[in-house]
Structure formats: C-alpha cells, structure tokens
1. Relative contact order for the range 320-384: what percent, with Cα pairs under 8 Å and sequence separation of 6 or more?
2. Between the range 381-420 and the range 99-165, how many Å separate their Cα centres?
3. PRE reach from Y413 (point 7 Å along Cα→Cβ): which of the range 372-388 fall under 17 Å by backbone N?
4. If you roll a 1.4 Å probe over the heavy atoms of the protein chains, what accessible area per residue do you get for the range 101-165, in Å²?
5. Students often get this wrong: which residues of the range 394-410 have the backbone nitrogen under 14 Å from the point 7 angstrom along Cα-to-C-beta of T381?
6. To the nearest 20 Debye, how big is the dipole of the range 329-420 about its Cα centre, given +1 on the beta carbon of each Lys and Arg and -1 on that of each Asp and Glu?
7. May I ask for the distance between the Cα centers of the range 322-352 and the range 232-294, given as a whole number of Å?
8. Leaving out ligands, DNA and RNA, and with a 1.4 Å probe, what % of the accessible surface on the range 258-413 is carbon or sulfur?
Amino acid sequence: MTRPRRRTPTVALVGSLTLLLSAALLPAVNSVPAAPAAGPITLIAAAPHTEEWGADLSVVDSDDVNVRRTAAGLRLGAARPTGRGARSPHSAVAEGMLLTTPRTLSRPVTRVRAEISASIPAGATVEAQVRGWRAAGWTEWRAATAGAVFDRPVTRVQTRVVLTAPTGGGTATVRAVRLSADAAAAVSAATPGRTYRVYATRIGLVGELTANGRTVQPRDHFVALPSRRGLSPLNTGDYTVRVCTTSGSRCEYAPVWDVGPWNTRDDYWNLSSVRENWKNLPQGRPEAQAAYQSGYNGGRDQFGRTVLNPAGVDLADGTFWDGLQLTTNAWVDVAYLWTGGGPRGVVGDGPLNIRAGASTSSAIRGLAARLAHVPIQCYVTGQSVAGPYRTTTRWNRLATGQYVSHAYISGVYGGSVPVC
C-alpha cells in the first residue's frame, strides 16, 4: 500500500488554551457550471446581514470517525496512529472527524468563518472545515478558521471538525465551534471540470477503515485522493472522479472515500492560488510525482518520508480490477467531476455497467459505482429496463459518450437533462 490516511500536525500549542480563530479571507475554487477561466479574486462590499450559529458537537453517530463526546467536550475516540513502521506511507498521527448536519441559511452567503474554543496540548491540532451547497452541488471543503470564501453564493453550509494527535501525545478537547456567514466576499468564476494523467496504485486494505469511516470491502469501488478537500462523507458520492485507462477503453465513476496516497494536503487539481500546499508545482502535478521523478522536496512527502512511487490516486480493488481491469499499477486519466458543472445523476444501485449504446446488449465500457455522481449530457430512448427506481426506456448519455440506464439513477440535480 502506498498511502497515508492521516495528516501531519500543523499546530503545536503548549498547555490548554482557547482558540478564537477568524482572520483574512482565503480564495477558493469549487464545483460550478463551466464558465470562462478564473481571474483574480474580486472583493465586494460587506453585506449588512450576518448569520451566526453553533455547530452541534453533542451528536456522534455513524458518519463520524474516531471521536467521542465527553463532559468536557469533543475528543479523539482513540489516540492511536495507523502507521506500520518507518517506511509505511501511513501517518504516525491519530485523527478523528465529526460531521455536523447541514444548516439551511436564511439567505445565500459567500463567506463562512469559524471560531473554535478548545484546549489543545502540544502537538495536537483542531480544524473547522466547511462546504456550501448551490445548484451545481457541494463545494470543496475549506478551512473556516481563517475564513472560507465560496465562488458562488451558497444556501446550505455543513461543518466538520478534524482533530489530530501525535504518537504518545495528548488529544485536544473541543468545547464549542461558532460559525458566522455573510456575503462580504466573492471570487471570480471557476474553471471548467479538470482532467489530469496521474499514476494509480491499488488500495487493498480489506477490513480497514477509510478516512470517512467506511470499512473496506472485498472488490470495493471507490478512490483515495491526497487531500480532504474532496473527501465525500460516509455513504455519499458528493465528490466523484471519473478514472479511465490511458487508451480510454475502460472507465469507472467512483466516489472519493479515502485520503492518500502519500500526502493528505495536496489538492493538486486546483489552481496554485488555492492549492493548499506545494503551490510552486504545476496544476495537475501531484507532489508525490514531483518528489519521485524530480527530487522535489528532497524526494520526500509532507511527513518527511522518502516517496517510493509517483502515485496521485489510489484505487479500491473493485475499481482497479473490475472497473479498469488493471493488473498492475498504471498511469490513468482522472476527471475531478465536482470542478465541472451541468446535470448530475446519482447512481442508486451499482456498480452499474456503462455501455457503448442504449441497450443491455451494447458493449460494456466500464462501471459506475454505487452512489457515484455521473455527469449527464442528454438522454435517448432505448431498450426498456426494469430497475430499482423505475421501469423506463430512458438511457442517459454521459459526458464521455457512453450510456447508463435511467432505471438505476436515484435522482438528478444541477439542471434539466435535454433530449440528445
């Protein structure tokens, strides 16, 4: 295996203290319909209305990972790292994550800030991250303690609290997270959806937990990317990639359910201005690839370990063997679908065959994993199919020109789907 699922501590505070974090704005590039290329950030005058609320830290349930509620506040469930030795790509840092219920706002906003009250021992970290909902779907996750700015107004906001602790170190106790939202800033239009050729490795690790809390199943269908900005909550496909062989003969649409390989703060698909780390690398070039091929960062990842391959995506066994029919690690073409726009269909039951035509007799060109969000270009009339959601002759043509039966699509968002 070639990935860490935890991140290096970025804050070291001695003793107990209270964080009151709210600062300058950070630009963000998120999922919006295709538009002209992004320009510089544009700030507009502050709106008079600010909406404030507190994150509910009292409910810890199935979509939360390695956290527990105590009388003093929210803490890590177990301060145990997942590392497997000095050369393991896993982090030596324990991590936990609480996901709150999305909040519907009284009016659209473009900026959210977080104020955290917590006791944090040396080496531990706490971070509040948010994402926003608009017609094209969820934005990427952004750190809110310094102010998260969205490129389009959002109508719902979801918060997650991420805690880490070093080996043998103490864990933070989070007493409260206060959020405020307003329309004080906006950024220019995002770029269209992006596709990059990166090196893929196989995840394996059946029976272990992913970063979003899923227990890895045999021949599972998902991917890992080296940044939490595109990590889907448990049992969702909010962030989905299309990964294809370089020949284009096989593709799979798969949700992002884990973090890795190698790094955990490398959203390499984003513009340098918003990329979390390694801003001097070209857009689309993973840090691990640069370290392995060119000795970037001394040939090491963010944890200081020697990078042993150039991987920029990890594929679960089902995606690797069945979706792409790979037999060894390989270069693949990955589309980061939340960076584009247009109608999206949610695959309610799968993995679903992707076909060359609107018939079950048409050649299979790959798979769409259960819960994946697939971009729908238009629809045609084809063979009648009885599926879990309906019996229909409608077949949706995907952006790559292949087809999936609408009988297996649980819902569509992001706009109406035209006839081809």
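1. Details: 77 pairs, mean separation 20.8, N = 65.
Computed over the range 320-384, the figure is 32 percent.
2. Between the Cα centre of the range 381-420 and that of the range 99-165, the gap is 34 Å.
3. 372-376
4. Accessible area per residue: 26 Å².
5. Hits in the range 394-410 for T381 at 14 Å: 394-395.
6. On the way: 7 positive and 2 negative charges, 29 e Å.
The dipole magnitude comes to about 140 debye.
7. Using only Cα atoms to place each centre, the spacing works out to 13 Å.
8. Numbers: 2480 of 5400 Å².
With neighbouring chains kept in place, the figure for the range 258-413 is 46 percent.
The values are calculated or read from the model by the stated rules, or taken from the named source; none is laboratory data. Computed from a predicted structure; not experimentally measured. Heads up, the Cβs are rebuilt from the backbone with ideal geometry, glycines too, and the neighbour counts pull from every protein chain shown. Just so you know, the surface numbers come from the protein's heavy atoms only, side chains and all, with ligands and any DNA or RNA stripped out. Shrake-Rupley method; radii C 1.70, N 1.55, O 1.52, S 1.80 Å.
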